[in-house]
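Read through the structure below, which is laid out as structure tokens, and then see the notes.
Here, each number is a calculation from the coordinates, and none is a lab measurement. Quick caveat: nothing in here was measured; it's all calculated off a predicted structure. Note that each Cβ is placed from the backbone with ideal geometry, even for glycine, and that neighbours are counted across all protein chains shown.
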Amino acid sequence: MSKTVFVLNGPNLNMLGKREPGIYGGKTLTDVENDCIAAGRDLGFDVDFRQSNHEGDLIGWIHEAGEKAVGVAINAGAYTHTSIALHDAIKAISVPVVELHISNVHAREEFRHHSMIAPAVKGVICGFGTASYILALHALKSITA
Ligand code: CA2
């Protein structure tokens with residue numbers, strides 16, 4: 001039986017590879033999706049990769065992951081720093097969630113230093129460019145049966 005992991009992306013990540021390559025690199029979100037699918041195949045995961053600019057979509061997908069997936073990797077974008085609702089959604093499911101960021105948020109503006117979701121997740125990966133996604137999948141592999 002295949003194991004599904006959800007890789008969820010929050011606001012503005014659809015712009016990846018189109019703006020700000022100095023911070024976020026040159027890959028598009030489709031490139032990252034393809035990298036995640038390939039890495040997932042090696043790790044024994046079916047990767048369900050999604051992006052939304054709407055907080056409610058992300059909340060619904062977290063609930064859905066709680067029913068269908070063995071784990072979640074999430075780059076919540078700027079909602080990371082603001083969303084109690086995402087924190088509560090993550091707390092409401094029992095599958096492990098890994099928070100990830102492309103950039104090193106701690107080396108950037110003060111308002112990016114605090115994560116609302118960090119207390120609710122299993123662990124956090126940030127600062128490795130888009131390789132953070134692949135590292136998050138490896139983290140999920142190491143903590144799922
Ligand atoms: O480093 C990350 O992955 C972030 O989650 C990215 C968010 C930012 O608000 C977080 O503080 C850190 C922003 C995503 C916006 O992505 C863009 C990509 C290309 C061009 C413009 C925005």
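Which of the helices in the chain meet the span-like rule: DSSP H, Cα axial reach of 15 Å or more, Kyte-Doolittle mean at least -0.5?
Working: long enough: 29-43 (21 Å, -0.05); 55-68 (20 Å, -0.61); 131-143 (18 Å, 1.22).
Helices meeting the criterion: 29-43, 131-143.
Roughly how many Å is it from the Cα centre of segment 85-144 to that of segment 43-64, as a whole number? Using only Cα atoms to place each centre, the spacing works out to 14 Å.
Ranked by the mean number of other Cβ atoms within 10 Å of their residues, highest first, the peptides 116-128, 16-28, 86-98 fall in the order 86-98, 116-128, 16-28. Shown for the chain: lysine pairs separated by 8 or more places, or found on different chains, whose C-alpha atoms are under 19 Å apart, numbering 9. Where the alpha-carbon atoms of the chain are placed on the principal axes, they occupy 42, 31, 24 Å, in descending order. Residue separation of Lys122 and Asp57 scaled by 0.36 nm, minus their Cα-Cα distance, works out to 21.3 nm of gained length.
If you rank Thr144, Thr80 by fewest surrounding Cβ atoms within 10 Å, what's the result?
Details: Thr144 16, Thr80 24.
With the sparsest Cβ surroundings first, the list reads Thr144, Thr80.
For Ile125, the residues 5 or more places off, or on other chains, whose built amide H falls under 5 Å of its own are Glu99, Leu100, His101.
Give me Tyr79, Tyr133 ranked fewest to most by other Cβ atoms within 10 Å of their Cβ, as a rough exposure proxy.
On the way: Tyr79 22, Tyr133 25.
Least crowded to most crowded, the residues run Tyr79, Tyr133.
Label positions at Ile143 and Ala85, each projected 7 Å from the Cα along the C-beta direction, are separated by 2.5 nm. The local environment of Gly71, defined by Cβ-Cβ distances under 9 Å, has a net charge of +3 under the rule Lys, Arg +1 and Asp, Glu -1.
Dipole check for the chain: with +1 at the C-beta of Lys and Arg, -1 at the C-beta of Asp and Glu, and the Cα centre as origin, the magnitude is about 220 Debye.
With θ taken as phi - 60° and the Karplus curve 6.51 cos²θ - 1.76 cosθ + 1.60 applied, the whole-hertz 3J(HN,Hα) list for segment 18-23 is 10, 9, 6, x, x, 9 Hz, x standing for glycine and proline. Counting other Cβ atoms within 10 Å as a rough exposure proxy, the listed residues Arg41, Arg112 run Arg41, Arg112 from fewest neighbours to most.
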